[in-house]
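The values are calculated or read from the model by the stated rules, or taken from the named source; none is laboratory data. Since the model is a prediction, treat every value here as computed from it, not as a measurement. Cβ placement follows ideal geometry from the backbone for every residue including glycine, while neighbour counts extend to all protein chains displayed.
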């Protein structure tokens, strides 16, 4: 990082696991600026849409809150149609001059579908029901995929364990885990 570049905010791992009709969305609590942990208990996973949808974000916090608000507005326009609301948000995100500058990704899920949204217009549904985003996302994804076939673990247990594994590997991920389930 050069002297002219601002310090980048890092430190998010979000994981969504779908198993046996249940969904668990987990996120760590660490927010870092450069090499400094600025906050250890940030809440990056929340319920939206009258509590029927769980959503998690990776990226700039203010940008994520903007996206949460926009997604909630789309859900009001398209009630109980998460995929449609996400596609409409992705269209806006890609074409709107203000939204294009947002630096965030979102994972969202309801009882029927789990989706990843990005600023490039992507709305992706994973074929295995597992989504991971953020700095420790690849570690959490690998751990969740390794654990998903265990009969003794439900979606929440897998999400908690996979995020704990990611926290052991990724310096921008901590073990202050928040989980929302459906």
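To keep it simple, each residue is scored yes or no on (1) surrounded by 14 or more Cβ atoms within 10 Å (Cβ to Cβ); (2) in contact with a helix residue (DSSP H, G or I) (Cβ under 8 Å, 6 or more places away or on another chain).
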site: 44; (1), (2): yes, yes
site: 50; (1), (2): no, no
site: 54; (1), (2): yes, no
site: 64; (1), (2): yes, no
site: 69; (1), (2): no, no
site: 83; (1), (2): yes, no
site: 86; (1), (2): yes, yes
site: 93; (1), (2): yes, yes
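Considering only residues that are free of Cβ contacts under 8 Å to residues at least 40 places away in the same chain and outside any helix (DSSP H, G or I), look in region 127-148 and name the one that is surrounded by the fewest Cβ atoms within 10 Å (Cβ to Cβ). Out of the qualifying residues, it is 127.
Annotation: residue 152 fulfils all but one of (1) modelled with pLDDT under 95; (2) assigned to a loop (DSSP other than H, G, I, E, B); the unmet one is (1). Here 60, 77 are screened, and the one residue that is surrounded by fewer than 20 Cβ atoms within 10 Å (Cβ to Cβ), at pLDDT 90 or above and over 15 Å from residue 108 (Cα atoms) is 77.
With respect to the conditions (1) at pLDDT below 95; (2) in a strand (DSSP E or B); (3) over 12 Å from residue 174 (Cα atoms), residue 2 falls short on a single one, namely (2). Applying the set (1) modelled with pLDDT of 85 or more; (2) part of a helix (DSSP H, G or I); (3) within 16 Å of the chain's Cα centre (by Cα) to residue 66 leaves exactly one unmet item: (1). Flag: residue 103 does not match the condition of being modelled with pLDDT of 90 or more and surrounded by fewer than 23 Cβ atoms within 10 Å (Cβ to Cβ). When restricted to residues that are free of Cβ contacts under 8 Å to residues at least 24 places away in the same chain and surrounded by fewer than 16 Cβ atoms within 10 Å (Cβ to Cβ), region 107-124 contains 1. Scanning region 7-30 for residues that are under 15 Å from residue 166 (Cα atoms), part of a loop (DSSP other than H, G, I, E, B) and modelled with pLDDT under 95 returns 11, 12, 29, 30.
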